[in-house]
């Protein structure tokens with residue numbers, strides 16, 4: 001397979017990645033044949049998956065705008081993925097060019113393309129790192145250059161934590177980020193899951209099996225388990241809700257949430 005000029009040389013073109021599959025579902029162009037095949041296999045089982053990822057992306061937009069209204073001017077986007085339309089810096093710097101952002105992702109394509117896209121934007125940093133290494137991320141030059149942890153920071157974990165199993169201690173990972181944050185900082189999370197009493201559709205279950213087998217394992221959490229991720233944060237209204245129902249922008253969002261959308265979203269504030 002011919003390697004695109006934007007792809008770093010150490011990437012395995014035959015192995016799908018979370019970031020590149022997600023990029024394909026969002027309509028991006030920075031993915032390989034293996035990513036597209038895995039994405040299409042999951043879509044064949046459940047075509048609604050594309051709508052699911054678009055709703056997580058819409059939550060990112062709504063959360064950033066909410067935090068801007070609260071006066072937050074610094075963002076740490078963990079598991080940021082490959083840049084597509086509606087990135088944090090596009091949303092935030094359109095409102096205030098002084099806003100600072102750091103994108104963190106492990107995928108080398110996501111990092112390389114982020115750096116090329118941002119060019120000479122001196123108020124945005126890009127870090128290739130495993131977000132599970134919270135202390136390493138927080139001590140990195142990319143983060144310490146851009147973010148002042150004596151002031152509020154908006155930490156974003158959008159469509160990320162279903163890739164971190166309970167055995168990997170997501171509560172501890174979040175806690176290490178939380179402990180570094182100033183009072184008035186926020187944490188936004190969205191992740192896949194079902195409410196207690198929901199029945200996972202056979203189509204979604206099959207899509208999930210395909211994804212787990214071909215891309216990576218995922219861990220779904222119910223409403224109560226999702227809420228436990230916000231230890232040390234006070235939830236902002238409306239609390240834990242299905243992704244489209246967090247500060248919905250249209251009746252269609254409310255209707256989408258009513259269809260037992262397979263994922264939750266919430267925003268918490270550190271006192």
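So that you can scan it fast, the table gives a plain yes or no per residue for (1) surrounded by 20 or more Cβ atoms within 10 Å (Cβ to Cβ); (2) more than 23 Å from residue 177 (Cβ to Cβ); (3) touching a residue at least 24 places away in the same chain (Cβ under 8 Å):
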| site | (1), (2), (3) |
| --- | --- |
| 228 | no, no, yes |
| 235 | no, no, yes |
| 238 | no, yes, no |
| 260 | no, yes, yes |
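Considering only the stretch 132-144, I want to know if a residue exists there that is buried (at least 16 other Cβ atoms within 10 Å of the Cβ), part of a strand (DSSP E or B), within 15 Å of the chain's Cα centre (by Cα) and at pLDDT 95 or above. No: the stretch 132-144 contains no residue that is buried (at least 16 other Cβ atoms within 10 Å of the Cβ), part of a strand (DSSP E or B), within 15 Å of the chain's Cα centre (by Cα) and at pLDDT 95 or above. Residues of the stretch 68-107 that are more than 15 Å from residue 146 (Cβ to Cβ), over 18 Å from the mean Cα position of the chain (by Cα) and not in a helix (DSSP H, G or I): 70, 71. Is it the case, given these coordinates, that residue 163 is at pLDDT 90 or above, in contact with a strand residue (DSSP E or B) (Cβ under 7 Å, 6 or more places away or on another chain) and either over 28 Å from residue 73 (Cβ atoms) or buried (at least 19 other Cβ atoms within 10 Å of the Cβ) (or both)? So residue 163 does not fit the description; no.
Can you confirm whether residue 68 is surrounded by fewer than 20 Cβ atoms within 10 Å (Cβ to Cβ), modelled with pLDDT under 90, under 30 Å from residue 245 (Cα atoms) and in contact with a helix residue (DSSP H, G or I) (Cβ under 8 Å, 6 or more places away or on another chain)? Judged against the criteria, residue 68 is not a match. Counted as qualifying within the stretch 169-264 are the helices (runs of 4 or more DSSP H) with 1 or more residues that are within 18 Å of the chain's Cα centre (by Cα) and modelled with pLDDT of 95 or more, namely 170-180, 223-227.
Among the criteria (1) buried (at least 20 other Cβ atoms within 10 Å of the Cβ); (2) closer than 20 Å to residue 172 by Cα; (3) in contact with a helix residue (DSSP H, G or I) (Cβ under 8 Å, 6 or more places away or on another chain), the one residue 246 does not fulfil is (2). Looking at residue 42, is it touching a helix residue (DSSP H, G or I) at 6+ places or on another chain (Cβ under 7 Å), surrounded by 17 or more Cβ atoms within 10 Å (Cβ to Cβ) and not in a strand (DSSP E or B)? Yes, satisfied. Yes or no: the stretch 118-127 includes at least one residue that is buried (at least 20 other Cβ atoms within 10 Å of the Cβ) and within 16 Å of the chain's Cα centre (by Cα). Within the stretch 118-127, one or more residues are buried (at least 20 other Cβ atoms within 10 Å of the Cβ) and within 16 Å of the chain's Cα centre (by Cα).
The values are calculated or read from the model by the stated rules, or taken from the named source; none is laboratory data. Just so it is clear, the model here is predicted, and its values are computed rather than measured. We place every Cβ from the backbone using ideal geometry, glycine too, and count neighbours over all the protein chains shown.
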